[in-house]
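Participant: Dumping the structure here so I can ask a few things about it.
The values are calculated or read from the model by the stated rules, or taken from the named source; none is laboratory data. Because the structure is predicted, anything quoted here is derived from the model rather than measured. Heads up, the Cβs are rebuilt from the backbone with ideal geometry, glycines too, and the neighbour counts pull from every protein chain shown.
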Amino acid sequence: MKNFIKIITGSVFLLWSTAQADIQIGVGLIAGQTDVSGTETEGTAADTSDRSKTLKEAFVGADVFAEYVTDSGMTYGVSFVPVDVELGEGSRTDVAAVSENDAGTRTASAEVTDLITLYTNVPMGSNGWYALLGYMHTTVTTQETLKSSSYEDATINGYQIGLGQRAGNFKYELAYSDFENIKINATGGNTNSISADADALTLRMSYGF
């Protein structure tokens, strides 16, 4: 992740040094909804069942960005979301025989952290309309209270497509984001695993300086 950020930072400073007049740096406000479908597979000898669940989570966030705008309106940029976005949370209570020592309430939640997007805006006709294409890189972090194990974090990529309009220094976008399948394994007391698919629909308003 550190190497990835160094590459992005170097690219931005290269653009800044070669064409400073065409660079915009700004902030954006984002609102949307994540949609996550996941399956937990039990990995103990006594239980190999699957549990599936679909979660929808509304969120509000912000990003910072730097972009290079050509004379034709073609735009190349990078954005970073400094706040975590919650994918969902849940809990369940298990009742087991005393000999199994497996009763209790389990809770788990997952968040998207350090979301970086490389994007381009492709002009579409007049009036500032453009198509949005993006490549996304992020880490899914988990927090859980389990009997004797925990889930690892996962680094995933994704893509983004959308439609937007530029009006002076303002931009307005509607975008759909789809991430590759998330696969995380438990460590510690069992070999449980979770597989999930996540996507998001977002509205974004940004201002560049």
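Participant: If we keep just the residues of region 51-76 that are of a type in the set (Gly, Ala, Ser) and over 17 Å from the mean Cα position of the chain (by Cα), which is modelled with the lowest pLDDT?
Facilitator: SER52
Participant: From the set of residues in region 12-50 that are modelled with pLDDT of 60 or more and in a loop (DSSP other than H, G, I, E, B), which is farthest from MET74 (Cα to Cα)?
Facilitator: SER49
Participant: Looking at region 97-110, is at least one residue modelled with pLDDT of 90 or more and within 30 Å of LEU87 (Cβ to Cβ)?
Facilitator: no
Participant: Please go through region 121-148 and pick out each residue that is modelled with pLDDT of 95 or more, touching a Phe, Trp or Tyr at 6+ places or on another chain (Cβ under 7 Å) and among the hydroxyl-bearing types (Ser, Thr, Tyr).
Facilitator: Selection gives TYR135 alone.
Participant: Further question: When region 165-209 is examined, which residues are found to be surrounded by 19 or more Cβ atoms within 10 Å (Cβ to Cβ), of a type outside the set (A, V, I, L, M, F, W, C) and closer than 18 Å to GLY61 by Cα?
Facilitator: LYS171, GLU173, SER177, THR202, ARG204, SER206, GLY208
Participant: Between a first residue in region 43-65 that is at positive phi and a second residue that is at pLDDT 90 or above, which pairs have beta carbons less than 8 Å apart while being 6 or more apart in sequence or on different chains?
Facilitator: none
Participant: While we're looking at this one, here's another question. What strands (runs of 3 or more DSSP E), lying completely within region 149-209, carry at least 1 residues that are under 15 Å from TYR119 (Cα atoms) and at pLDDT 95 or above?
Facilitator: Where strands (runs of 3 or more DSSP E) fall fully within region 149-209 and carry at least 1 residues being under 15 Å from TYR119 (Cα atoms) and at pLDDT 95 or above, they are 154-167, 170-179, 193-208.
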